[in-house]
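One structure below.
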Amino acid sequence: MFPASTVAVSSAPVATATPRFLRDHLWAPLALTLLASAVLMGVGGDQWLADQWYRLEGQQWALQNAWVTTHLIHHAGKWASSAAALAAIVLCTHAWRSERAAAWRWPLLYLVLAVALGTGLVSLLKSLTNMDCPWDLARYGGTRPFIGLFSIRPTGMPRGVCFPGGHSSAGFAWISLYFFALMVRPAWRWRGLGVGLLAGGLFGFSQQLRGAHFLSHDLWTLATCWAVSLSLYLLVERVRLRERSAALGIAQEDAA
């Protein structure tokens, strides 16, 4: 089932936690996220973009219940992501039971955990934060005033459960394919990143057209999934490096 020779070429852990690696994978993405957040949440970029979609849809969320956005992208997209996760679980289980697929064990386990923890953390944050969807706001035909992320909500005002974006996490969680590719074939890492960005971007944009989220909601979903994927990758690579060092030590003892 697995071409073990493909992994064997790239089985050595990639150098991680170096200043350059952390600059490219931690500090640069963090700086870009904060800068984009300042524009979207600080100076009204969110509302400006939502105003454009709302105006183009005829001063209403005409796509809120459209077949393409609701059934094709929202429901079918969620099922497709779940099916992909199930396939990864099946492959991971097989790898841990088969010696022939041993080289795939940690990469597949990483992928399964990264997708599960990424979507899970976004869901947890949605339950802890308190922001409304655009369609709930009086500005867009709803009944509630806009309350910022760190502002105090009026007493008796219903909770908001729209930050970060939940549906886009079903796509953005797959940016973990970037780090999965670093473990098995680094040349594929940009393809893996593209899959996650394309899926999450499509899911998020569809929800914005429905009035379910502002752009910043999906931006922080992406940032959350990236942070989870990066943190877990650094942890797994440490384990892989330790296992590789132990295996090399045993091989040297046998050779002596």
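The values are calculated or read from the model by the stated rules, or taken from the named source; none is laboratory data. Remember, predicted model here, so these are calculated numbers, not experimental data. Quick reminder, even Gly has a Cβ in these numbers, built from the backbone with ideal geometry, and neighbours come from all protein chains shown. Quick note on the areas: whole protein, heavy atoms, side chains included, nothing else; ligands and nucleic acids left out. Shrake-Rupley method; radii C 1.70, N 1.55, O 1.52, S 1.80 Å.
Its relative contact order, with pairs defined as Cα atoms under 8 Å and 6+ residues apart, puts the range 143-256 at 28 percent.
For the chain, Cys92, Cys225 stand unpaired, since no other cysteine beta carbon lies under 4.7 Å from theirs. When only alpha carbons are used to place a centre, the range 211-226 and the range 99-137 end up 13 Å from one another. 3J(HN,Hα) couplings calculated from phi for the range 212-226 with the Karplus curve 6.51 cos²θ - 1.76 cosθ + 1.60 (θ = phi - 60°) are, in sequence order, 8, 8, 8, 4, 4, 4, 6, 4, 7, 5, 4, 4, 5, 5, 5 Hz; Gly and Pro show x. Dividing the convex hull volume of the alpha carbon atoms of the range 137-218 by its residue count gives 96 Å³ per residue. The H on the amide N of Val161, modeled in the peptide plane, is under 5 Å from the matching H of Met131, Cys133, each at least 5 residues off or on a different chain. By a 1.4 Å probe calculation restricted to protein chains, Ile73 has an accessible surface near 30 Å², given to the nearest 10.
For the chain, what is the charge dipole size about the Cα centre, in debye to the nearest 20, if Lys and Arg each add +1 at the Cβ and Asp and Glu each add -1 at the Cβ? In debye, rounded to 20, the chain gives about 140. With the convex hull drawn around the C-alpha atoms of the range 48-130, the volume per residue stands at 136 Å³. Secondary-structure-derived ellipticity at 222 nm for the chain, considering helices only, amounts to -20500 deg cm²/dmol, per-run term -39500 (n - 2.57) for DSSP H runs with n ≥ 4.
How large, in Å, is the chain by the Kirkwood hydrodynamic radius built from its alpha-carbon pairs? Walk me through the numbers on the way to the answer.
Numbers: mean 1/r = 0.0500 Å⁻¹.
So the Kirkwood estimate lands at 20.0 Å.
With contacts taken as Cα pairs under 8 Å and at least 6 residues apart, the range 64-175 reaches a relative contact order of 26 percent. Between His213 and residues 5 or more places away or on another chain, which pairs have amide H atoms under 5 Å apart, with H built 1.01 Å from N, and which residues are they? Those qualifying (amide H under 5 Å, at least 5 residues apart or on another chain) are Gln208.
When a 1.4 Å probe is rolled over the protein heavy atoms, the share of accessible surface on the chain that falls to carbon and sulfur comes to 68 percent. A cut-off of 5 Å between modelled amide H atoms, ignoring neighbours fewer than 5 places along the same chain, links Gly142 with Leu137.
Residues Thr143, Thr70, ordered by accessible area of protein heavy atoms at a 1.4 angstrom probe radius and largest first, appear as Thr143, Thr70. Of Ser82, Gly45, Gly141, whose Cα points farthest to the positive end of the dipole of the chain (charges on the beta-carbon: +1 Lys, Arg; -1 Asp, Glu; origin at the Cα centre)? The Cα lying farthest towards the positive end belongs to Ser82. Rounded to the nearest whole Hz, the Karplus-based 3J(HN,Hα) values (6.51 cos²θ - 1.76 cosθ + 1.60, θ = phi - 60°) of the range 101-116 follow the sequence 9, 4, 5, 8, 4, 5, x, 6, 5, 4, 4, 4, 5, 5, 5, 5, with x at glycine and proline. Its relative contact order, with pairs defined as Cα atoms under 8 Å and 6+ residues apart, puts the chain at 27 percent.
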